[in-house]
Amino acid sequence: MRQLRLRWFAPLLALAMVAAACGGADDADTPEPDDTEDGASEDGDDADDDADDDGGDAAGGAPDDAQLVIDRSFDLRTNDPHRQFEATGTILHHATHDTLLGFPTTDITEPQPVIAESFEVSEDATEFVFQIRDDVVFSDGTPLTAADVAYSLQRIVNLAGNPSFIMAGTTTEQTGDFEVTITTDEPNPGLPYILTNSSTAIVNSELVTENGGSADEGASEADTAEEWFNTASLAGHGSGPYVVESFDIETEVVLVRNENYWGEAPEWPRVVLRNNEAATQRLNIQSGESQLALDISGDDLAGLPDSLTFAGAPAAVTFFVFANQNPEISEVTTNPDFMEAVRYGIDYDAVAELAGENARQACGLLPDMLLGAIGDDECVTRDLDRAIEAFERSGVGDTPVELEYPSDFSANGLTFGPLAERVQANLAEVGINIELAPAPIATALDNYRNGVEEMGLWLWNAGYPEPSYYLAFSPGELVGLRAGWAEGESPEIFELGQTASQIVDNEERGAAYQEWERALQEDGPYFPLIQPSTTLVADPIVTNVEFHPTYIVDIGKLGYGG
């Protein structure tokens, strides 16, 4: 029997964070959930009376017909939480589902309980025993039990979908009515951070199974529930503050308040998450067509009226370029001299200028607020002479190389076109003939995920704030395969990452991840560009507006100020 220690994951795994990433000193005053609930209970009768007097709902005084319109540039692919792994899906499923652990405030240094009440972890970080709350219900009123937790976490693994890699090597079993045990093939000290990701959402196992779902081995073929999630599953499978009323990956998703929500009811009865690019978002927030915009860039913030609310912070996001390492895709981008020419030919300062205020060069793939990030003193700097010499050695000459990116998608207020054009211009000075290949987000994502882009310009969000999440960039892993970097290639880089992920001591683990980052910087197929900032812009009728480093915006926490 392993010796287990009970704690809320404090000293062993706490991340080293930059204060600005969590909103600085202001967040020290953010009330914890217990404080909010205590305050509500003390004034509950008065709150109910006030709500009744002005025709509002007792949850927060918002009128029953109040509607919050949020503009977001969609990268949405599915309403199945165990298949989605996009930023818009994270926003959506954080509002409609719960996870074992989470970040109720913008402080992401230590996961907090959500569905879990407490947990124990073995000394070697291979066994995690969770006690589950007994008062949680799904939106159809069905009680949530350990069976639902075990089903959900096994379904993520066995679907073999986009988010499956984050739970790879784990087995989840129900060990009591309200207890589950997760075992890992290797030490996994970052697991509690993984369990904050919206893709680990807990679903109603009986309801999902009735509609084609499966958590068994072979679920990648047997599970047919995605269509149900996307069309008919309006209520019942989640336990979050909202349920989906309508779902369209191209236009909008409509959420309505979950009347059976087990927690503190959200103030807005209806939320429309609408697909619009950044330029349209800027117009809509000024005209009143929307009340919250998520993607207005630093430069476009200038000139917006002071009457609007602005909430910004550095983002745990990395924009990067990759060169495909599969010779069947390109004999040019696999050339080491070509990669050196690209690495030292990009003018990183000039690219970062496009991202506006508070953006910075991404020195590595890990954002600067995460454990294991390398410092500014280790950033790659442009060396045009070195780049030209390397390109001449490559013998590539005037051979065109395609750089693909999404043409109709923006993130953190940035569209990809200007970034691609700046990279193209930089590399033209080296002699590299880059041909831009913009494509609609759906097409570009498919090409990217299928590993057929010669060069690609993409971003990576910290789906959970733990460096192991970035091991997806190692050879043979998720992003590595997208970059044509097959299993077995660069084994020394792969081993550096694997070793780092299994170190329990925080200081040693951080140093090991830095070594992995340095190796990628020297020999990897990636060229990190920028770490942007994000600013949310809101009408004053929306209160409690904060940029969340993990969820972007916590819809269930938004207040009504009308």
Quiz item: Which pairs have Cβ atoms under 7 Å, sit 6 or more apart or on different chains, and link a residue in the stretch 84-102 that is farther than 25 Å from Ser118 by Cα to one that is of a type in the set (Asp, Glu)?
Solution: Glu86/Asp75; Ala87/Asp75; Thr88/Asp75
Exercise. Please work out which one of (1) closer than 30 Å to Val396 by Cβ; (2) of a type in the set (Ser, Thr, Tyr); (3) free of Cβ contacts under 8 Å to residues at least 24 places away in the same chain is the condition Ser287 fails and give its number.
Key: (1)
Practice problem: Give the residues of the stretch 62-93 that are of a type in the set (A, V, I, L, M, F, W, C) and touching a strand residue (DSSP E or B) at 6+ places or on another chain (Cβ under 8 Å), sorted by residue number. | Solution: Ala62, Ala66, Leu68, Val69, Ile70, Phe74, Leu76, Ala87, Ile91, Leu92
Exercise. Residues being out of contact with any strand residue (DSSP E or B) (no Cβ under 8 Å at 6 or more places or on another chain) and in a loop (DSSP other than H, G, I, E, B): count how many of those fall in the stretch 159-175.
Key: 5
Quiz item: Only one of these conditions is not met by Gln424: (1) buried (at least 21 other Cβ atoms within 10 Å of the Cβ); (2) in contact with a strand residue (DSSP E or B) (Cβ under 6 Å, 6 or more places away or on another chain); (3) in a helix (DSSP H, G or I). Which number is it?
Solution: (1)
Quiz item: Filtering the stretch 531-558 down to residues that are of a type in the set (A, V, I, L, M, F, W, C) and touching a helix residue (DSSP H, G or I) at 6+ places or on another chain (Cβ under 7 Å), which residue is nearest to Asp75 (Cα to Cα)?
Solution: Ile552
Exercise. Among residues belonging to the stretch 444-473 that are part of a strand (DSSP E or B) and not aromatic (Phe, Trp, Tyr), point out the one that is surrounded by the fewest Cβ atoms within 10 Å (Cβ to Cβ).
Key: Asn461
Exercise. Quickly run through the stretch 202-224 and pick out the residues that are crowded, with 17+ Cβ neighbours inside 10 Å, under 27 Å from Ser468 (Cα atoms) and out of contact with any Ser or Thr (no Cβ under 6 Å at 6 or more places or on another chain).
Key: Ala215, Ala219
Exercise. Kindly establish whether Thr543 is touching a strand residue (DSSP E or B) at 6+ places or on another chain (Cβ under 7 Å), of a type in the set (Ser, Thr, Tyr) and closer than 23 Å to Val254 by Cα.
Key: yes
Quiz item: Going by the conditions given, is Gly484 assigned to a loop (DSSP other than H, G, I, E, B), surrounded by fewer than 22 Cβ atoms within 10 Å (Cβ to Cβ) and not assigned by TED's automatic domain parsing to the domain that holds Gln84?
Solution: no
Exercise. State all residues of the stretch 277-293 that are part of a loop (DSSP other than H, G, I, E, B) and modelled with pLDDT under 95; if no residue qualifies, say none.
Key: Glu277
Quiz item: Does Gly476 satisfy the condition of being part of a loop (DSSP other than H, G, I, E, B) and surrounded by fewer than 15 Cβ atoms within 10 Å (Cβ to Cβ)?
Solution: yes
Practice problem: Would you confirm whether any residue within the stretch 538-559 is among the polar types (S, T, N, Q) and part of a helix (DSSP H, G or I)? | Solution: no
Quiz item: Looking at Arg509, Arg482, which one is farther than 26 Å from Tyr405 by Cα and of a type outside the set (A, V, I, L, M, F, W, C)?
Solution: Arg509
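Rundown of residues vs (1) outside the structural domain of Ala95 (by TED's automatic domain parsing); (2) in a loop (DSSP other than H, G, I, E, B); (3) surrounded by fewer than 20 Cβ atoms within 10 Å (Cβ to Cβ), yes/no style:
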position	(1), (2), (3)
Thr181	no, no, yes
Tyr193	no, no, no
Phe229	no, no, no
His237	no, yes, no
Ile249	no, yes, yes
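The values are calculated or read from the model by the stated rules, or taken from the named source; none is laboratory data. Model, not experiment: these values are computed from the prediction. FYI the Cβ positions are ideal-geometry reconstructions off the backbone, even for glycines, and counts take in every protein chain you see.
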